[in-house]
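Have a look at the structure below, then the notes.
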Amino acid sequence: MVISYRFLVIAAIFITCLITANIIAVRLITLGVGPWKLGGLELPAALPAAIIIFPLTYIFGDILTEVYGYRQARRVIWLGFLCNLIAVSAFWAAGRIPALDTDVQAAYGLVFDYVPRILAASFVAYLAGEFANSFVLAKMKIKTNGRFLWSRTIGSTIVGQGLDAAVFIAIAFGGVKTGAFLGSMIITHWLVKTLYEVAATPFTYAVVNYLKKTERVDTYDYDTDFNPLLVTR
């Protein structure tokens, strides 16, 4: 496949959203008066600011898989992982160098001094969620014979975002917080991110239809090896 500039734009936006989400994740924002009630669970209204942009990685991941196929999406997922690792490593190295202004040094540390456990949780959850999202969408496309795009984007997001939230929160807070807290955080993240995908469905349709028309590409992964490690294939 010849890589077009449109593919590069989608990949660049995907990676930019991923790195930006990591930077702003340290800030908590409120989604209204809380906590919310869901059955017997009390869901917190405060979430990391990354909720603003991180779901876009799933939306653009859906677009990549739907148009270009799982193989190309797999490459972009790993490229995003590598770029994120470079960014985090640079932030960490810069933070180890003493600043002339101690106030600046302290402020920098609040944003960029990642806790290793949180960082590991973020990396593992990203890979698990993105690959699950891409796999489910590719398989559903075959099952539906390319119809009902909305069912694929929302269905894959339910699986991918659910796995992402569960893995991240389990690794980041397991053994530190109560089971009720972990459950409420997982459900809150999962619900908000899934609703984000639902709200973005018209946008996803517009971009997918535009790319399929202009690129003249509509990939079906009939013979694809879905091993996430086969980056070069």
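All of the numbers you see were taken from the coordinates with simple rules; none came from a lab. Here the structure is a predicted model, which means the values were calculated and not measured. Please note: Cβ atoms are built from the backbone with ideal geometry, for glycine as well, and neighbour counts cover all protein chains shown.
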- line: Taking a ≥ b ≥ c as the square roots of the eigenvalues of the Cα gyration tensor, with a/c under 1.5 meaning rounded and otherwise prolate when a/b exceeds b/c and oblate if not, region 139-221 is prolate
field: Ranked K139, K213, K193, criterion: other C-beta atoms within 10 Å, fewest first
entry: K213, K139, K193
message: Using a Förster radius of 35 Å, what is the FRET efficiency between A206 and T102 based on their Cβ-Cβ separation? Nearest 0.05, please.
response: 0.10
- prompt: How large is log10 I(q)/I(0) at q = 0.16, 0.31 Å⁻¹ when the Debye formula is applied to the Cα atoms of region 128-178, each weighted equally and without solvent?
  reply: -0.49, -1.04
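Could you grab the relative contact order for the chain? Cα pairs under 8 Å, six or more apart, rounded to a whole percent.
Values: 276 pairs, mean separation 57.8, N = 233.
Once normalised by length, the contact order is 25 percent.
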- prompt: For the chain, what does -39500 (n - 2.57) per DSSP helix run (n ≥ 4), summed and divided by total residues, give at 222 nm, in deg cm²/dmol to the nearest 500?
  reply: -24000 deg cm²/dmol
- prompt: Quick one: net charge of A170's neighbours, Cβ under 14 Å, K/R +1, D/E -1?
  reply: +1
message: Quick check: net charge around A12, other residues with Cβ under 14 Å of its Cβ, Lys/Arg +1 and Asp/Glu -1?
response: +2
statement: log10 I(q)/I(0) for region 5-215, Debye formula on C-alpha points only (no solvent), q = 0.17 Å⁻¹, two decimals, reads -1.19
